[in-house]
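Readers should treat all values here as calculations from the given coordinates under stated rules, not as data from a laboratory. Every value quoted in this text rests on a predicted model; they were computed, and no experiment measured them. Backbone-built Cβ (ideal geometry, glycine too); neighbour counts: all protein chains shown.
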Amino acid sequence: MGTVFAAPSAAGDGGPWPEGFWQQSGGTAVWVLGIFAVAVFIGLVRLGSGLLRRHRGNRLLPVVVCEDRGLLGGHGNGHRGNGGGPGGPDHGHESGATAELAAYITEHMAADALGPNVLTPGSGTTIGPDPAPETASSPHGWVDVMKRLAFFRPRAYHVMLHRLSTGDQPARFSVRILYMPKNTVVAATLMEGREVEPGATDRDRRDADRELYERIACYCTVKILADPRSQDRIPRWESWGDDPDAYLLYRLGTKAQEDALAANKRRDVDGERAGHERALRHFEEAAALVPGNLTVRLHQAGVLELMGQFPGVTDPGDHIRRAVEIYTYCVQLWPEHIETAYRLSIARAEESRHPAHREERARRREPASREHLRLLLGRLSRRAILRRYARTLLPGRRNLGERRYWRQWWAMERPRPSLRTRRRSFRGAVRIASAAEVLRENGSPGPEELRTAFRNVASEVTGGWARWGRLWGGPDWGLRRLLYADHHSGADHVGGDAHSRAGIAGSAPRHRGSNRAAAGYLVNYNAACFLSLALTTRPPAGSAAWTDDEWREDCARAAVVQLNTSLRVTRSQFSAAWAERDTDLRPLFTGRLGGGPVAAWGEIGRNWARFTGIDVTEEAAAAQP
């Protein structure tokens, strides 16, 4: 007869198991249940690991740089030696070269996005790659085996490097890029450095090695970004194609920009101009290879804007016109990129300072800067950004990089308690730029037009309960909020010494106002530009009784406070090199209007400029239009 199975009792004595199974099997049943529990646990952990990997999959994959010992039948991919092991006496030197190459590649991957290298305010984004360091290790022991079963192996690009040259031969490297864990080859090449003269010094050899390292780093960066597994992780406007020379030229341009900034710190005007000219040449060569890359184009246009504002330049309007053309074509090519549209409107405003180009634009019936700003406000609406974000979820338009770009517009500006998103902050900066355009187009606006402009600016730089005061503060609320609380509605200045210390940089004790550092760096910077332009206007009739000098002193103090607030913002991108060339801030920093002498109120802005290292010499003042 076969084995007799007992039916499960109400108390669940035997259950589905054979009669006497638990008594006869003893420890075997415990092992079976243990294995079953471990399998369930591994399955759950692996499911969570897969979901976490999918959640983090919108970033660029990490890059692992290691020595390629597999080419010579060594210890396999990822082996690192120290010169005393099987790698031989040259292995330590190879490890040092690999470490330096890893530093170059990490620098390039981290600096690939539009970041602090872009000098023009408002053109930087926060969507750059986030390379995380990864380590490769071989499984040893049952714990590693269990970890490999429970967790998905991390996906990464492994850059395998092997030095083929020895001694005094020109450096020569074998470069392989593998996609792990599938171990598929993405790209492979052999690169050789330039030969040096027999009597060359160690510094010459070092420079030759650095040039080779730069080429290898650019090659790896472009090949990784061109891989299909990375293409949908970056926005389309940051694509570098498949030509490493374009990225190499871009890197040379950024280095020339850094040299120009260093020359600016030394007050070497010729060196600064030469640096910008080299940078412009490199950016133009790179743009010829990747014409649709906004990273290159924004740098190119930004350098042109700076060169157009240099003192003594032959035709400043020509540089601005070329920058406007670049911004215009970029907006037509990538209409979804908000920062480019903003730079186009600002460049249009700068172009309007030059009569010849203003007349040409009117003849061609091109839209003015205020029209561009009005359209930009529409692009910054909640509905427009949500619609753009939703499109990245569609199968035919899936792009994780662009999805990240649109999502960052809803991120809170730091510091966290601001409760103001980046979209809201950038929208405020655009509204202030539109108010400043009122003063540019009309040097003497009417009283109501001037009050409205001050009201719009004040509503963006103030916050909390003070901002709601615009509902009951009367028509002069904006003037009082920006030019501080000692100007009461319909009253004169409070205190006879309110304007007796014009030589002090910053606000006097009775001129301190409520400003919101969390409004955003660009909001406060644009507010300072607006107040600097207000120096050329006269106080509105019917408001507090200002004399012309008192009005300009208050505007200068308020502009300095806005600049201070822009410096107080966390992660502020304030650039003294750009502010020094900004024509909107030039009346504040030079302390004069037109070609007149330095006024008494002029020391406020001049002192602050000296404090921040901005040039206020006679040559800079002479460049004021």
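For Val64, nonlocal amide neighbours, meaning residues 5 or more places apart or on other chains whose placed amide H falls under 5 Å from its own, are Tyr157, His158, Val159.
Extension gain Phe36-Arg538, at 0.36 nm per residue separation less the Cα-Cα distance, in nm? The partial results should precede the final answer.
Numbers: separation 502, 0.36 × 502 = 180.72 nm, distance 8.43 nm.
Difference between extended and current length: 172.3 nm.
Peptides 220-232, 319-331, 565-577 ordered by packing proxy, namely the average of other Cβ atoms within 10 Å per residue, highest first: 319-331, 220-232, 565-577. Identify the residues of the range 250-270 with backbone N under 17 Å of a label point that sits 7 angstrom from the Cα of Leu567 along the Cα-to-Cβ direction, or state none. Under 17 Å, as judged by backbone N against the label point of Leu567, lie 265 of the range 250-270.
Each residue of the range 204-221 is assigned a 3J(HN,Hα), and the resulting list reads 5, 5, 5, 5, 5, 5, 5, 4, 5, 4, 5, 5, 5, 4, 5, 4, 5, 4 Hz, derived from the Karplus form 6.51 cos²θ - 1.76 cosθ + 1.60 (θ = phi - 60°), x at Gly and Pro. Taking amide H as placed 1.01 Å from N in the peptide plane, Thr421 has its amide H under 5 Å from the amide H of Glu413, each at least 5 places away in sequence or on another chain. Using the alpha-carbon centroid of each, what span in Å lies between the range 160-234 and the range 255-271? Answer, in whole Å: 30.
Taking θ as phi - 60° and the Karplus parameters 6.51, -1.76 and 1.60, the scalar couplings of the range 165-171 work out to 8, 9, x, 8, 5, x, 4 Hz in sequence order, x denoting glycine and proline. In this structure, the amide hydrogen of Ala187, modeled 1.01 Å from its nitrogen in the peptide plane, lies closer than 5 angstrom to those of Ile177, counting only residues at least 5 positions away or on a different chain. For the range 172-279, a/c is not less than 1.5, where a ≥ b ≥ c are the root eigenvalues of the C-alpha gyration tensor, and a/b does not top b/c. That puts it in the oblate class.
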